[in-house]
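Read the structure below first, then the notes.
The values are calculated or read from the model by the stated rules, or taken from the named source; none is laboratory data. Computed from a prediction, not measured in an experiment: that's the story for all the values here. As a convention, Cβ positions derive from the backbone with ideal geometry for all residues, glycine included, and neighbour counts pool all protein chains shown. Accessible surface is based on the protein model in full, side chains and every heavy atom, while ligands, DNA and RNA are left aside. Shrake-Rupley method; radii C 1.70, N 1.55, O 1.52, S 1.80 Å.
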Amino acid sequence: MPPRHWLMKTEPSVFSFDDLLAKPGRTDCWEGVRNYQARNHMMEMKAGDRVLFYHSNADPPHVAGLAEVAREAYPDHSAFDPKSRYFDPKSARAKPRWFLVDVRALAKLPRPVFLAEIKANPRLRGMALVRPFQRLSVQPVTKEEFEEVVRMGKGK
């Protein structure tokens, strides 16, 4: 099966694309997702799936880089750690509630693709990111949407 495509949101003040680039192997786990629908999307991810790395809560919000799923879903260790801000006392190791994937940075886009540009592009009008009330931190993206954002990130 060819790789699928996703958009993963992060706040750059918490974890940015540059932070991912600085990690050993340019890889890190995507911990702390505490929304069931976003978790379910992560559980569908396969190694090699492509990811748009999106900086939310940035000024302005934008797609910063490209990544791939490096490791498929496994229990989110932060849910079991009482010292973690992502701790969930209802999640048990024997029956985990939350999962994560590992992502690997592929490339920083030559230029960021801003949310306003995505919204203005008629080819992206159906993208989950631009739908009203769409706040999921993990969203599916069609191959065409992914390719269009990548094209936009290469500049004019």
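Number of residues in region 70-91 that are of a type in the set (S, T, N, Q), touching a helix residue (DSSP H, G or I) at 6+ places or on another chain (Cβ under 6 Å) and within 18 Å of Asp28 (Cα to Cα): the value is 1.
A Cβ distance below 9 Å, combined with a sequence gap of six or more or placement on separate chains, defines the contacts here; from region 87-101, residues that are farther than 14 Å from Gly32 by Cα reach residues that are part of a loop (DSSP other than H, G, I, E, B) in the pairs Lys90/Arg97. The set of residues from region 121-156 being surrounded by 14 or more Cβ atoms within 10 Å (Cβ to Cβ), without any contact (Cβ under 8 Å) to a residue 24 or more places away in the chain and more than 19 Å from Asp49 (Cβ to Cβ) comprises just one member, Val130. Which residue, of Phe80, Phe17, is crowded, with 16+ Cβ neighbours inside 10 Å, under 25 Å from Pro96 (Cβ atoms) and among the aromatic types (Phe, Trp, Tyr)? Just one listed residue meets the conditions, Phe80.
Is it the case that some residue within region 68-78 is under 21 Å from Phe17 (Cα atoms), of a type outside the set (Asp, Glu) and not in a strand (DSSP E or B)? Scanning region 68-78, I find at least one residue that is under 21 Å from Phe17 (Cα atoms), of a type outside the set (Asp, Glu) and not in a strand (DSSP E or B), so the answer is yes.
Condition check: out of contact with any Asp or Glu (no Cβ under 9 Å at 6 or more places or on another chain), open to solvent by 30 Å² or more (accessible area, probe 1.4 Å) and either under 24 Å from Cys29 (Cβ atoms) or of a type in the set (A, V, I, L, M, F, W, C) (or both). Does Arg111 satisfy that?
Working: out of contact with any Asp or Glu (no Cβ under 9 Å at 6 or more places or on another chain): yes; open to solvent by 30 Å² or more (accessible area, probe 1.4 Å): yes; either under 24 Å from Cys29 (Cβ atoms) or of a type in the set (A, V, I, L, M, F, W, C) (or both): no.
No.
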